[in-house]
1. Quick one: work out the % antiparallel among DSSP beta bridges in the range 214-481, nearest 5.
2. I'd like the FRET efficiency for GLU187 and ASP16, computed as 1/(1 + (r/R0)^6) with the beta carbon distance as r and R0 of 51 Å, rounded to 0.05.
3. Give the residues of the range 449-465 whose amide nitrogen is closer than 13 Å to a point set 7 Å from the Cα of LYS228 in the direction of its Cβ.
4. Please give every one of the lysines within straight-line cross-link reach of LYS288, meaning a C-alpha to C-alpha distance under 25 Å, and leave out same-chain neighbours fewer than 8 residues apart.
5. Would you mind estimating how fast the range 68-205 diffuses translationally, via Stokes-Einstein at 20 °C and 1.002 mPa s with the Kirkwood radius over Cα pairs, in µm²/s?
6. Please list, by residue number, every one of the chymotrypsin sites (Phe, Trp or Tyr not before Pro) in the range 412-489 that is coil in DSSP and has at most 10 other beta-carbon atoms within 10 Å.
7. Between ILE140 and residues 5 or more places away or on another chain, which pairs have amide H atoms under 5 Å apart, with H built 1.01 Å from N, and which residues are they?
8. I need to check one value: relative contact order of the range 289-430, counting alpha carbon pairs closer than 8 Å and at least 6 residues apart, in percent.
Amino acid sequence: VMTRGFFAPQCLSGDDKIILASANPRSPLAEDYIAPPFPHLEIVRIVTLASEIARAIESVATNNGPSRSELEAIDVEDLDDGIHDFDVTTDHTEPMAQLIATIMSDAVRTRASDIHFKVEKETFYYCFRVDGDIGRKVEIPMKLKDRLDAFLLNLMKLPTEIRNTAPGISGRFTISYFHRPIDIRYERHRTYRGYHITMRLLDKSNINVTLGKGTLAFDDETMFALNKVMKIPAGIIVMSGPTGSGKSTTLNAILRELNRPEVNILTLENPVEDEVPGITHCDLKSPKEFKPMIASFMRSDPDIILMGEVRDLESAELAIEAAVTGHKVLTTIHTPRASQIIERFEQLGVERWKIAQTLKAACAQRLVKMLCPYCKEAVTGISDLDRKTFSLDESWANVSVFKAHDDGCSECRNTGYSGRTAILEIIPISPKVSDQLSKGEMTPYELEVKVAEEGILPNLRRSGLRLLREGKTDLAAVSKVIDMTYTDD
């Protein structure tokens, strides 16, 4: 009710007044809700912004999930077919709608990237992925599994019968969180006991990031190297890393930096994640559209082309063709290390000399969890076992570092961590290096070793250790996203 009416009790004034913050001083909803349980109190209103009230409600809300009484009230048969714009911060009369709204609003508030619903032998539960980790399981009565499944399909306007015939179901829908649209990417597949649903949350209000700020607050070394890469007039810039490492976010931030009235930028994405004024965004509705869309792009007088991902020989060759014809091409690929980008193109069927001549920068990115500043614990030195395991020299024996508190605190929701930051590895491909790679005089791995030994350009290991020295993260978080068991330095 408070989220719908945009009001929140603030404090008591003496014994006879309650201070109530409200965004709409004329709305009777606040009195209707507050007055009955507190008939002896006079309600004194203060007017503030709706966004401030939403923030206040979020700050005190808990993430305990739906109550047992709410779960028991859900009818396993009844289904409302009339839900279209699903607002998760309002009250719903239909119990299943209220259950889903509660789960989704908790997910958005806790900055979850994904929601998982799983049916196992004797349990049905959901959990969130926050800052790269899947959190605790919250059980739901098994009798509700089919009802919940049907409700989500209904949100996407899909027939419920499809769940019995399709091995996998993909879809999208949008929810509203405090009048803020959140896109949901839905994926469902059958399991032995039922199904597994994954919903990825795409909060476009959080995508509008800037290089050097927030998650992309790179150090001076990385920003200098990145600025040089952005000055390249033509060729391919590839960002690699696992799913969820922020590759697309960084490329979109680069596009924002390159966006000028005199520059024609075209993007082909699946889906469009960050719509920027001045940039022509195109969504890929079918894999069959990829080749004709890129061909059309190259006839549309572009300066810069963003291709969502290189995943096969066709997309790799199209990226090379666009680069050869004088365009700057930004794209992503899945490889563990920047040096393996060339090898990945070869695995797809591209000849070494072709990619060596057109690739201008090979980049790799990771997102590292940051320690909660309120409960992190100081530690003197890295243990002998950890130094040997993670190839750290003796100087780390006496370095003061920090680690996550085992139980965390209320500020970090008892995880010990709060947020993530990006670290970037950049390997520029100069004309000399390009020639050496083309002739087989240097392997991609030898190039990586050479760059690491020079110590001039940012690499993942060195950036991770810098965060460790600065007390921003711990060894556990760094070693989770970077292979620290070897060193080329």
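1. 40 percent
2. For GLU187 and ASP16, the calculated efficiency is 0.40.
3. Within reach of a label on LYS228, which here means backbone N under 13 Å from a point 7 Å along Cα→Cβ, the range 449-465 contributes 451-452, 454-459.
4. Correct list for LYS288: LYS157, LYS247, LYS328, LYS354.
5. 141 µm²/s
6. Hits after loop and neighbour filter: TYR486.
7. PHE124, TYR125, TYR126
8. Computed over the range 289-430, the figure is 22 percent.
FYI, it's all coordinate maths here, none of it is from the lab. The structure displayed is predicted, hence computed values, not measured ones. Positions of Cβ are backbone-derived with ideal geometry, glycine not excepted, and every protein chain shown enters the neighbour counts.
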